[in-house]
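Take a look at the structure below.
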Amino acid sequence: KIGLVAYAERNPTAVVYRDADGQPQFPMRVGKNLCLISTGVPPPDEKLGDFHCRDYVFFPGYASVREHQSMVNPEHMCKYKCEVLVGEKDNKPIFKVTCEDAPNEPISGACADDVWQEVANEIYLVSNAPLSDRKQKINGYERFGFLNETVIAITQETFGHLKCNLFDPIAVGTTNFVH
């Protein structure tokens with residue numbers, strides 16, 4: 001099998017295993033607390049501008065699982081499923097996070113930062129965190145995994161990101177090798 005190795009300061013080296021067609025095999029662990037389920041599928045060209053910005057590409061169907069402090073029991077770590085969906089009314093991105101400790105209470109919104117900030121606020125409430133902790137800004141795009149170097153490398157390699165005219169490609173050190 002051919003693998004892709006991404007080197008980064010924040011991310012341990014992740015090996016990307018590929019199928020016979022050279023496509024990444026999912027799910028894959030891409031960080032200590034992050035598992036990538038799917039990088040999603042590019043939307044039609046006329047909607048592409050809604051699913052990327054200068055710093056991130058977030059295609060519909062993207063899914064990851066992040067281990068994080070529970071918003072139900074703050075002394076417990078649990079899994080959060082992060083998904084990018086398509087809004088029913090406007091076909092724009094919906095960022096959805098589902099805590100395994102509260103599967104019937106997903107949090108969703110138009111911005112990954114806002115969704116993860118709501119998760120953090122729930123954790124602060126149940127943990128009686130000091131007010132100073134509650135003012136911390138959460139980067140929801142990082143929590144989704146969009147800043148993970150392996151996710152960036154796979155997305156840039158797989159999807160012809162050059163069609164994403166707002167996106168500024170990031171240089172990520174990678175090496176292909178036979179495994």
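Considering only the other residues whose Cβ falls under 11 Å of the Cβ of residue 70, what net charge follows from Lys and Arg at +1 and Asp and Glu at -1? Taking every Cβ under 11 Å from that of residue 70, the sum is -4. For the stretch 112-127, backbone phi angles converted through the Karplus equation (6.51, -1.76, 1.60; θ = phi - 60°) give residue-by-residue couplings of 4, 4, 5, 5, 6, 5, 5, 4, 4, 4, 5, 5, 4, 5, 6, 9 Hz, Gly and Pro being listed as x.
Placing pseudo-labels 7 Å out from each Cα toward the beta carbon at residue 38 and residue 54 gives an inter-label distance of 3.1 nm. One decimal place: the segment residue 45-residue 104 gains 17.9 nm when fully extended, by the rule 0.36 nm per residue minus the C-alpha distance. Measuring with a 1.4 angstrom probe and ignoring ligands and nucleic acids, residue 99 comes out at about 0 Å² accessible. For the set 85, 125, 34, the ranking by accessible area, highest first and with no ligand, DNA or RNA atoms included, is 125, 85, 34 under a 1.4 Å probe. Full extension of the chain segment joining residue 125 with residue 170 gains 12.5 nm, where the gain is 0.36 nm per residue of separation less the Cα-Cα distance.
The values are calculated or read from the model by the stated rules, or taken from the named source; none is laboratory data. This one's a predicted model, so the numbers in the text were calculated from it and none came from an experiment. FYI the Cβ positions are ideal-geometry reconstructions off the backbone, even for glycines, and counts take in every protein chain you see. For the accessible areas, the whole protein counts, side chains as well, though only heavy atoms, and no ligand, DNA or RNA atoms are used. Shrake-Rupley method; radii C 1.70, N 1.55, O 1.52, S 1.80 Å.
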